[in-house]
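Novice: Below is the structure I would like to discuss, written out as structure tokens.
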Amino acid sequence: MKLSAYQPKKARIEIVPMIDTIFFLLVFFMMASLAMTTAKGMPVNLPKASAATERPVCKIVLTLTPTGNYYVDKQQVDFQQIRDCLKSRLTDNPGAVVVINCDKSQNWERGIQLADEAKRAGAKYLTIATEPKPMP
């Protein structure tokens, strides 16, 4: 009996499992990026509102914390500095929405003063942050 010489098989790269893996990673990173949200304001306890909705727009957040500190986005400022800080940010993006993020333990007269400063700085759009009504 005559035996033939051993001929090794050529290596093959299977492309289908690699494509499946790439699509899985793509979907994973897309879903992970959609779950990430940006919150520019300082955390405070917001009052509840039944008609509150969210819109994806450029925001400048004015925050009044329970301790009485003022923030523009996450930068702490004095009340006198708010208008100048807002003017500089609104010149970069004049269509930005200014969000008043006032803790519910604060007197709302101070929240109204924040709104007045935003209007004096040239804000066209102004809104008040509230906690949305929980879905039943």
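Here is a yes/no grid of residues against (1) modelled with pLDDT of 80 or more; (2) in a strand (DSSP E or B); (3) loosely packed, with under 10 Cβ neighbours inside 10 Å:
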residue	(1), (2), (3)
10	yes, no, yes
17	yes, no, yes
29	yes, no, no
38	no, no, yes
87	yes, no, no
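Novice: If you don't mind, there's one more thing I want to ask. In the stretch 62-85, how many residues are part of a strand (DSSP E or B) and either on the phi > 0 side of the Ramachandran plot or touching a helix residue (DSSP H, G or I) at 6+ places or on another chain (Cβ under 8 Å) (or both)? Walk me through how you get there before you give the answer.
Specialist: Start the filter on the stretch 62-85 by keeping residues that are part of a strand (DSSP E or B), which leaves 62-64, 70-72, 75-77.
Applying the additional criterion that residues be either on the phi > 0 side of the Ramachandran plot or touching a helix residue (DSSP H, G or I) at 6+ places or on another chain (Cβ under 8 Å) (or both) yields 62, 64, 70, 72, 75, 77.
Adding up the residues that qualify gives 6.
Novice: Say we look at the stretch 101-132 and pick out the residues that are touching a Lys or Arg at 6+ places or on another chain (Cβ under 6 Å) and either of a type in the set (Asp, Glu) or assigned to a loop (DSSP other than H, G, I, E, B) (or both); which of these is surrounded by the fewest Cβ atoms within 10 Å (Cβ to Cβ)?
Specialist: The first filter runs over the stretch 101-132 and keeps only residues touching a Lys or Arg at 6+ places or on another chain (Cβ under 6 Å), leaving 117, 120-121, 131.
Next, only the ones that are either of a type in the set (Asp, Glu) or assigned to a loop (DSSP other than H, G, I, E, B) (or both) stay: 117, 121, 131.
Working: 117: 22, 121: 20, 131: 13.
The selected residue is 131.
Novice: Further question on the same structure: Within the stretch 60-88, which residues are over 13 Å from residue 119 (Cα atoms) and of a type in the set (Lys, Arg)?
Specialist: Correct list: 74 only.
The values are calculated or read from the model by the stated rules, or taken from the named source; none is laboratory data. Quick caveat, the model's predicted, so the values are computed rather than measured. FYI the Cβ positions are ideal-geometry reconstructions off the backbone, even for glycines, and counts take in every protein chain you see.
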